[in-house]
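Visitor: Please read through the structure below; I'll follow up with questions.
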Amino acid sequence: MPKQGTLANDSGNILEQTVKTIFSAKGFTKALYREWTKNPQKYGDELLLMNVPFTTIYQHGGNTEFRLISKRYKMDIRIECKWQQVAGSVDEKLPYLYLNCIEAMPEKHIIIIIDGDGWKKGAITWLKNAVKQRKYTTPDNNEKAIQVMDLKEFITWANSTFR
């Protein structure tokens with residue numbers, strides 16, 4: 001029987017694979033961020049970058065699963081994936097994720113895909129309410145958009161956005 005951590009990693013990987021599949025079907029090229037930075041012109045204008053670094057609120061190196069860059073749709077979106085299949089402590093990290101989104105991630109648009117049945121009661125509601133209750137601006141005074149979606153909502157968003 002697999003350990004709980006293995007199950008969590010496998011389930012999270014399935015969520016990430018689903019996101020990759022969606023964007024591949026929509027015509028986006030997948031690339032590792034670190035490879036793309038070496039030669040960006042090699043990859044085109046419709047990209048799903050993977051393992052995207054940023055400096056956290058603790059001034060440490062952090063990574064996000066994806067960054068979507070689209071010249072056609074005029075988008076630059078950081079995408080975080082959070083899956084919690086069974087009860088655990090990941091939901092205790094939601095305030096940290098939230099603060100990183102508003103204070104540390106440089107993109108003006110961030111999507112958090114959050115799903116699974118293992119979240120503590122109220123955790124996802126807290127995150128959605130936190131995002132709704134405040135307006136955020138980037139250091140250059142542009143408004144920052146943060147969206148929280150479950151997988152179904154994300155698929156619907158992708159299908160209606162990328163036609």
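Visitor: Condition first: among the polar types (S, T, N, Q) and farther than 22 Å from I155 by Cα. Can you find one or more residues in segment 105-127 that meet it?
Guide: Within segment 105-127, not a single residue is among the polar types (S, T, N, Q) and farther than 22 Å from I155 by Cα.
Visitor: Okay, moving on. Determine whether segment 23-31 contains at least one residue that is in contact (Cβ under 8 Å) with a residue 60 or more places away in the chain and surrounded by 14 or more Cβ atoms within 10 Å (Cβ to Cβ).
Guide: yes
Visitor: Residues in segment 21-68 that are farther than 17 Å from Y96 by Cβ and in a strand (DSSP E or B): how many?
Guide: 14
Visitor: In the set K20, K42, which member is charged (D, E, K, R) and surrounded by 12 or more Cβ atoms within 10 Å (Cβ to Cβ)?
Guide: K20
Visitor: A further question on this structure: Would you mind telling me which numbered condition in (1) touching a Gly at 6+ places or on another chain (Cβ under 7 Å); (2) of a type in the set (A, V, I, L, M, F, W, C); (3) farther than 22 Å from L49 by Cβ W83 fails?
Guide: It fails just one condition, (3).
Visitor: Among the residues that make up segment 70-87, is at least one of them modelled with pLDDT of 95 or more and over 24 Å from F162 (Cα atoms)?
Guide: No: zero hits.
The values are calculated or read from the model by the stated rules, or taken from the named source; none is laboratory data. Keep in mind it's a predicted model, so treat the numbers as computed, not measured. Note that each Cβ is placed from the backbone with ideal geometry, even for glycine, and that neighbours are counted across all protein chains shown.
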